[in-house]
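See structure below.
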Amino acid sequence: MKPIRTFNVVPSLPGPLEGLRRLAYNLRWSWNHDTIELFRRLDRELWEEVGHNPVLLLGRIDQARLEAAAADAGFLAHLERALADLERYLSGELTWFTRAGGRRQGTLVAYFSAEFGLTESISVFAGGLGILAGDHLKSASDLGVPLVGVGLLYQQGYFRQYLNEAGWQQERYEDNDFHTLPLTLERGPDGKPLAVEVAYPGRAVRAQVWRVQIGRVPLYLLDANLEVNRPEDRDLTDQLYGGDPEMRLKQEILLGVGGYRALEALGLNPNPPVYHLNEGHAAFVALERIRRLMRSEDLSFAEAREAASAGLVFTTHTPVPAGHDHFPPELLGRYLGEYARELGLSLEGLLALGRKNPADGRETFGMTTLALKLAAHSNGVSRLHGQVTRRTWRELWPGVPEEEIPIGHVTNGVHFQSWISLEMNQLYERYLGPSWREEPADRALWQGVYSIPDEELWRTHERRRERLVAFTRRRLQGQLSRRGASEAELEAARGVLDPEALTIGFARRFTGYKRATLILSDPQRLARLLNDPAHPVQLIFAGKAHPRDEEGKRLVQRVAELARQPAFARRLVFLEDYDMAVARALVQGADVWLNTPRRPLEASGTSGMKAMANGALNLSTLDGWWDEAWQGADPDEPIGWAIGRGEDYPDPALQDRLEAEALYGLLEQDVVPAFYERPGGLPRRWLARMKASIATLAPRYNTHRVVREYTQRCYLVGAERFRALAETGWGRARALAAWKERLQAAWPQVRVEAVKADLEGDLRVGQALDVWAWVSLGPLTPEEVRVEVYLGRLDPGGELAQAGATAMRPVEAKGPGRHLFQAEAVPCQMSGLHGLTVRVLPQHPDLPVPFLPGLIAWAGPESVAQQTSG
Ligand SMILES: *Cc1c(COP(=O)(O)O)cnc(C)c1O
């Protein structure tokens with residue numbers, strides 16, 4: 001039966017409790033322990049039942065319970081305190097952003113992501129990418145960075161996981177009920193819901209816009225499940241990463257193009273100068289921005305592209321080439337053929353923007369390629385991932401040395417207040433001072449960790465481990481009774497794990513390269529380790545496999561299978577349905593956080609950072625963030641453990657064997673003994689490691705540092721660049737586009753004709769060289785190019801490695817289009833066989849990096865590059 005009308009019923013709160021609604025609708029509660037405690041205080045059982053969703057809590061709670069709270073002076077005082085704290089937070093004027101000299105006026109960053117992990121009750125995320133986006137918004141709010149988020153509101157979000165009798169992953173999709181979530185429907189001045197439209201073949205699709213308020217930062221989520229849309233379009237926002245490539249393309253058009261239009265409809269004017277793409281899914285926003293600039297500012301595609309690019313920041317998260325979104329040209333043509341025309345492009349012209357090789361008519365359209373071609377700033381998410389990304393995408397900049405490919409890195413972090421337990425929070429408050437919450441990126445402040453008495457740190461951590469064991473037992477019983485397990489099995493679950501045993505946590509997506517079962521590869525050896533009566537060890541696993549990842553599901557099954565064998569029954573647990581609540585329990589209570597990705601396939605990883613901030617020690621292969629955390633630490637002050645030394649193996653089976661061996665060795669000889677060595681009743685060596693780990697890593701691996709880095713390196717610079725190009729009626733954007741066109745046309749004539757260096761005999765380290773180059777520039781002036789000596793050591797293959805560039809200056813015109821350039825005193829800083837050459841690059845004050853695809857000219861052999869040894 002379909003209703004003839006729908007309407008929404010909102011909870012009726014007694015007057016004195018009205019403030020609860022305000023608290024519930026601002027997600028700041030999710031990182032404020034005092035407010036969480038307030039909600040729990042209303043009804044502890046219901047708080048768990050409603051999945052930590054305060055809006056649903058207020059909707060479902062017994063009226064009598066509310067009346068009682070309204071008459072309870074203690075409760076009301078708590079409510080007042082929480083409200084006052086929220087108001088203080090929201091009105092705080094002196095934020096990091098204003099102190100750092102950021103101008104609020106006119107600087108706004110629009111942060112686009114296909115998923116956001118904010119709190120467990122809003123299921124619009126799948127994993128690490130979403131959690132990172134959520135933590136980014138929370139830190140932006142804390143720091144006062146003027147930022148808004150844009151994403152999609154999925155009807156079902158990501159699946160809930162449970163295992164069947166055979167240990168095989170089952171997926172259950174639950175509807176998000178938007179009316180019982182902390183969401184507000186955005187309305188226009190006429191009171192009607194705001195709507196945006198995007199075009200699909202032969203029709204328009206509408207979406208409405210919901211807002212989630214995250215402290216100071218609004219997040220706008222688009223929802224296409226509207227009566228006016230065709231049934232197949234209403235399904236559009238059903239599932240995160242569901243469906244076929246066509247569904248994906250439809251979602252990404254809605255996210256990018258629709259997201260841009262939503263910001264416009266919301267009157268966020270002037271338009272945000274900076275757009276940040278969290279992964280390539282939203283890259284169409286750049287096209288829409290170009291289209292709008294062309295229309296409103298009367299610019300050509302090339303001119304509008306310069307303007308849009310100046311403020312475009314792109315973060316890629318995927319080291320696996322197959323992990324990037326690609327669309328067949330035919331599909332793209334069907335959906336965006338008309339759109340290309342509006343951009344003043346042919347379909348081929350549009351497709352070329354998403355191709356590594358634009359001349360290849362069969363190449364698919366890549367969203368990462370599009371983003372890399374358009375963004376003035378691109379980066380990976382750890383140092384190692386930056387390297388991998390430069391190598392993966394070097395074809396886009398032919399002739400540019402790999403280390404100079406213009407893709408940097410901003411290493412990920414986590415939002416500490418969302419992940420650190422109440423108990424650790426209090427400990428930090430006591431020993432670091434209350435400002436640690438605002439300044440988690442302050443190195444000096446974290447030195448305070450060394451002043452925490454061992455006894456106190458250990459007691460605090462032990463309390464969290466006990467909570468984790470209790471949590472695991474509870475969840476396990478729930479899991480078993482849903483599956484209809486026997487009373488004996490339930491009884492066993494009540495006594496599983498040992499609150500005092502060394503506890504290893506492993507929780508992440510189950511997929512091949514993460515190797516969840518590496519530690520299970522020798523079951524007998526593992527059983528001996530876990531069941532040592534004097535030094536017991538226990539393992540808690542959690543994680544979902546992607547619904548189409550059969551291999552991932554087999555890994556889940558393998559863990560579940562071992563967990564049921566008598567040798568492991570009390571010591572090995574698989575927790576179903578890994579989500580933020582499970583993650584918090586695990587990272588807050590584990591002693592060791594295990595991570596075994598196959599290098600270099602983990603872009604960054606963040607769960608280890610959450611564990612670190614709670615005092616757990618990381619035990620990980622040198623991949624993602626751990627690679628640089630490990631390299632950056634003082635070897636005399638161990639911060640955890642590294643499995644292997646970051647070797648690359650051509651043979652994965654060999655790698656697994658050697659790294660499993662290394663892992664067992666570490667556990668047996670180092671980890672377990674350090675944990676159980678208790679002089680004076682305390683594991684002193686372990687505690688020293690905990691402190692070193694926190695003091696060394698906490699200041700760096702948090703999203704306050706991340707957001708600061710993006711703000712200083714990308715947002716402020718991008719906004720400034722965008723404003724500069726807009727000056728004098730977009731005069732500089734027009735000039736830049738015209739110049740690039742001239743440069744493209746002239747480049748075939750650019751050539752290094754001859755090079756001379758004063759090389760006689762060997763050089764000594766520190767000795768300097770003078771170099772001259774005769775360069776043909778055709779119609780270009782010497783000021784329009786950058787001529788550089790490129791000098792360095794030769795690798796065994798005879799290629800220049802560890803080379804550096806030194807600018808040459810024009811000294812003399814040598815006839816039409818010919819110029820002599822010179823560099824004086826180019827130093828040789830290392831000994832060994834060296835080489836030098838000369839190159840020509842474009843140069844323009846409005847060019848963010850001197851590398852434009854295809855525009856680099858190197859001296860050829862005919863110009864006689866000279867070498868020397870010394
Ligand atoms: C932190 C987190 C992740 C990402 O952690 P990785 O270390 O990158 O795997 C994924 N899912 C949830 C629920 C998380 O809390």
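The values are calculated or read from the model by the stated rules, or taken from the named source; none is laboratory data. What you are looking at is a predicted structure, and each value in this text was computed from that prediction instead of being measured. So basically every Cβ, Gly included, is an ideal-geometry build from the backbone, and we count neighbours across all protein chains shown. Only protein heavy atoms, including side chains, enter the accessible area calculation; ligands, DNA and RNA are left aside. Shrake-Rupley method; radii C 1.70, N 1.55, O 1.52, S 1.80 Å.
A few notes on this one:
- Of all residues in the range 123-145, those satisfying the criterion of being over 18 Å from Trp625 (Cβ atoms) and open to solvent by 10 Å² or more (accessible area, probe 1.4 Å) are Ser123, Phe125, Ala126, Asp142.
- Scope the range 814-845; condition loosely packed, with under 13 Cβ neighbours inside 10 Å and among the aliphatic types (A, V, I, L, M); matching residues: Ala825, Met830
- Out of Ser604, Ser693, one residue alone is closer than 28 Å to Ala585 by Cα and within 14 Å of the ligand (Cβ to nearest atom). It is Ser604.
- Condition broken by Tyr428, with the remaining ones in (1) more than 16 Å from the ligand (Cβ to nearest atom); (2) more than 25 Å from Leu697 (Cα to Cα); (3) not assigned by TED's automatic domain parsing to the domain that holds Gly366 satisfied: (2)
- Some residue of the range 325-345 being modelled with pLDDT under 95 and touching a helix residue (DSSP H, G or I) at 6+ places or on another chain (Cβ under 7 Å): yes
- Candidates Pro398, Pro434, Pro453 - the one that is under 30 Å from Ala371 (Cα atoms) and surrounded by fewer than 20 Cβ atoms within 10 Å (Cβ to Cβ): Pro398
- Residues (of a type in the set (A, V, I, L, M, F, W, C) and in a helix (DSSP H, G or I)) located in the range 316-346: Ala322, Leu331, Leu332, Leu336, Ala340
- Residue identified as of a type in the set (S, T, N, Q), within 16 Å of the ligand (Cβ to nearest atom), open to solvent by less than 30 Å² (accessible area, probe 1.4 Å) and assigned by TED's automatic domain parsing to the domain that holds Gln669 among Thr503, Thr511: Thr511
- Test: Gln557 is more than 15 Å from the ligand (Cβ to nearest atom), open to solvent by less than 50 Å² (accessible area, probe 1.4 Å), in the same structural domain as Val469 (by TED's automatic domain parsing) and part of a strand (DSSP E or B): no
- Pick from the range 748-793, criterion open to solvent by 40 Å² or more (accessible area, probe 1.4 Å) and either among the aliphatic types (A, V, I, L, M) or not assigned by TED's automatic domain parsing to the domain that holds Gly854 (or both), ranking: farthest from Ser831 (Cα to Cα): Ala768
- Of the set (1) open to solvent by less than 20 Å² (accessible area, probe 1.4 Å); (2) under 30 Å from Ala603 (Cβ atoms), all apply to Ala69 but (2).
- Taken over the range 357-375, the residue count meeting the criterion of being over 23 Å from Pro245 (Cβ atoms) and surrounded by 22 or more Cβ atoms within 10 Å (Cβ to Cβ) is 1.
- Only one of Arg713, Arg734 that is touching a residue at least 40 places away in the same chain (Cβ under 8 Å), within 27 Å of Gly380 (Cα to Cα) and not assigned by TED's automatic domain parsing to the domain that holds Val313: Arg713
- Any hit, the range 166-180, residues being among the aliphatic types (A, V, I, L, M), more than 16 Å from the ligand (Cβ to nearest atom) and in contact (Cβ under 8 Å) with a residue 24 or more places away in the chain: yes
- Residue in the range 287-298 that is nearest to Leu132 (Cα to Cα), counting only those that are over 24 Å from the mean Cα position of the chain (by Cα) and crowded, with 22+ Cβ neighbours inside 10 Å: Ile290
- Pair list, Cβ < 6 Å and 6+ apart or interchain, from the range 505-519 residues that are at positive phi and assigned to a helix (DSSP H, G or I) to residues that are open to solvent by less than 10 Å² (accessible area, probe 1.4 Å) and within 12 Å of the ligand (Cβ to nearest atom): none
- Meets criteria (buried (at least 23 other Cβ atoms within 10 Å of the Cβ) and either on the phi < 0 side of the Ramachandran plot or away from the ligand (no atom under 12 Å from the Cβ) (or both)) for Trp630: no
- The set of residues from the range 127-144 being outside any helix (DSSP H, G or I) and under 16 Å from the mean Cα position of the chain (by Cα) comprises just one member, Gly127.
- Taken over the range 238-255, the criterion of being open to solvent by less than 20 Å² (accessible area, probe 1.4 Å), in contact with a strand residue (DSSP E or B) (Cβ under 7 Å, 6 or more places away or on another chain) and either under 19 Å from Ala195 (Cβ atoms) or outside any loop (DSSP other than H, G, I, E, B) (or both) is satisfied by Leu249, Lys250, Gln251, Ile253, Leu254, Leu255.
- Single condition Ala642 does not satisfy, out of (1) open to solvent by 10 Å² or more (accessible area, probe 1.4 Å); (2) under 30 Å from Gly495 (Cβ atoms); (3) more than 13 Å from the ligand (Cβ to nearest atom); (4) of a type in the set (A, V, I, L, M): (2)
- Among residues of the range 145-189 being assigned to a strand (DSSP E or B) and β-branched (Val, Ile, Thr), the one that is nearest to Leu27 (Cα to Cα) is Thr184.
- Selection count where residues are more than 29 Å from the chain's Cα centre (by Cα) and over 14 Å from Leu529 (Cα atoms), scope the range 643-673: 6
- Residue in the range 563-580 that is away from the ligand (no atom under 16 Å from the Cβ) and in a helix (DSSP H, G or I) present: yes
- Of all positions in the range 29-43, at least one carries a residue that is modelled with pLDDT of 95 or more, open to solvent by less than 70 Å² (accessible area, probe 1.4 Å), under 16 Å from Ile122 (Cβ atoms) and out of contact with any Phe, Trp or Tyr (no Cβ under 8 Å at 6 or more places or on another chain).
- Scanning the range 133-156 for residues that are more than 17 Å from Leu221 (Cβ to Cβ) and within 11 Å of the ligand (Cβ to nearest atom) gives a single hit, Asp135.
- The residues listed here are Pro597, Pro635; of these, the one that is free of Cβ contacts under 8 Å to residues at least 60 places away in the same chain and assigned to a loop (DSSP other than H, G, I, E, B) is Pro635.
- Selection within the range 578-601 - over 19 Å from Leu530 (Cα atoms) and open to solvent by less than 10 Å² (accessible area, probe 1.4 Å): Met580, Val582, Ala583, Val587, Pro597
- For the range 265-286, filtered to residues that are part of a strand (DSSP E or B) and under 14 Å from Met367 (Cβ atoms), the residue that is nearest to the chain's Cα centre (by Cα) is Asn278.
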